[in-house]
1. Please give the contour-minus-distance gain from ASP137 to GLN106: 0.36 nm per residue of separation, less the Cα-Cα distance, rounded to one decimal in nm.
2. Run through region 154-204 and list the trypsin sites (Lys or Arg not before Pro) located in a DSSP loop whose Cβ has at most 13 other Cβ atoms within 10 Å.
3. Roughly how compact is region 245-352, stated as its Cα Rg over 2.2 N^0.38 Å to two decimals?
4. Once you place label points 7 Å from the Cα toward the Cβ at ASP43 and ASP273, how far apart are they in nm?
5. Using alpha-carbon pairs under 8 Å, 6+ residues apart, how would you state the relative contact order of region 245-352 in percent?
6. Quick one: accessible surface of TRP263, probe radius 1.4 Å, all protein chains present, in square angstrom to the nearest 10.
7. Give, in nm to one decimal, the length gained when the segment between ASP171 and LEU57 is fully stretched (0.36 nm per residue of separation minus the Cα-Cα distance).
8. Go through ASP140, ASP273 and list them by solvent-accessible area, largest first, probe radius 1.4 Å.
Amino acid sequence: MKYNLCPTFSKSIWKKGTVLNSWKVVWVVLSDDGLEIFKRKADSASKGMIPLKGAVLTSPCQDFSKKTLVFKLSTTKNQDHFFQATHMEERESWVKDIKRAITCLQGGIKFARKSTRRSIRLPETINLSELYILMRDQEDGVKEQKLEKEKRVYNHCFTGGTVVDWLISKDKARNRPEALMLATGLLNEGFLQPAGDMSKEGVEGGAVSTVLDEPNALYYFADSGFFCEGYSSDEDVIVKEEFRGNIIKQGCLLKQGHRRKNWKVRKFILRNDPAYIHYYDPTKGDEYPLGSIHLRGSVITAVEFVPDAKRYDVDGNLFEIITSDETHYFLQAATSEERKEWIKAIHTVSKTGK
């Protein structure tokens, strides 16, 4: 994994086209003086840059009656650029950093996020990307929970203490202070995100260890199905955003695990607007999903084989979902006809759902 001396905030997000006026998922990198737009994360050449000097940020933006969580960036050349986040926390994160960058430009100060390597001195042998994959394992990783704090319900989240306990139990850290340093590295690199007032205050506090080992400090995985109920703002009230869509299709499929590469039967429920597919343990009902896949901008295709699949005697009727952040999910249907139906349904939702 590469570490920049001056880390920037980068993530996929919906953006409205300036010519065709269509909304597409793009990869955006926030630098000290602008937003660089890439078609996908792996691209080396950007499609263009939006300068921040003199720009005005509007959030919430209510220019679109049927879209929520939109913010607008207006440049000095009277060009308006519209972006749409998937949930309130994501929009707040973008707005906060863009405003900081604009303020720094106005004051002649160079904007840069804190450097994980420089601030907490992680050993070069530590691979945060690999560590994150282990934490995201559905069976052996950090368990996502539904927690209620201060009249808000946070879904798909966990406490800072839970992360610390997991790191120690898996021999990734020798003690709690060392585990907090690792967790802070994950937070600074964007793998973890703060949820709730206490964790956000910890990030803003400027301490070396910004992940708090407190029962009220909540966090979530950057690519999870996090959402918050009862969160009121001047724009709208977020209530189970990812579960609002109509159920398009549901049924059981075999799913390959990300870490152990074993295959298990999971029940999948596909929804549109917003475009999500949730998967569940079929023996435990549909109340709490094991995980979710945000399908907007995803690629779905039939495949003939899967890495390491032969050792588990899995072949035939396979297909793959590649999300906009390049996470790969391998699934198997019972028949070729069922595979065609799933691919068609998921492809339609990924193109039409928000």
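1. Values: separation 31, 0.36 × 31 = 11.16 nm, distance 4.36 nm.
Fully extending the segment from ASP137 to GLN106 adds 6.8 nm.
2. Numbers: sites: LYS170, LYS172, ARG174, LYS200; in loops: LYS170, LYS172, ARG174.
When the trypsin sites (Lys or Arg not before Pro) of region 154-204 are filtered for loop state and at most 13 Cβ neighbours within 10 Å, ARG174 remain.
3. Details: Rg = 12.9 Å, N = 108, 2.2 N^0.38 = 13.0 Å.
The reported ratio for this selection is 0.99.
4. 2.9
5. Working: 219 pairs, mean separation 27.3, N = 108.
Relative contact order of region 245-352: 25 percent.
6. Here the accessible area works out near 40 Å².
7. On the way: separation 114, 0.36 × 114 = 41.04 nm, distance 4.44 nm.
Between ASP171 and LEU57, full extension yields an extra 36.6 nm.
8. Details: ASP140 35, ASP273 90 Å².
Reading off the accessible areas and sorting them downward yields ASP273, ASP140.
The values are calculated or read from the model by the stated rules, or taken from the named source; none is laboratory data. Computed from a predicted model, the values in this text were never measured in an experiment. With ideal geometry, Cβ positions are generated from the backbone for all residues, glycine too; neighbour counts draw on all protein chains shown. For accessibility, only protein heavy atoms count, side chains too; no ligands or nucleic acids. Shrake-Rupley method; radii C 1.70, N 1.55, O 1.52, S 1.80 Å.
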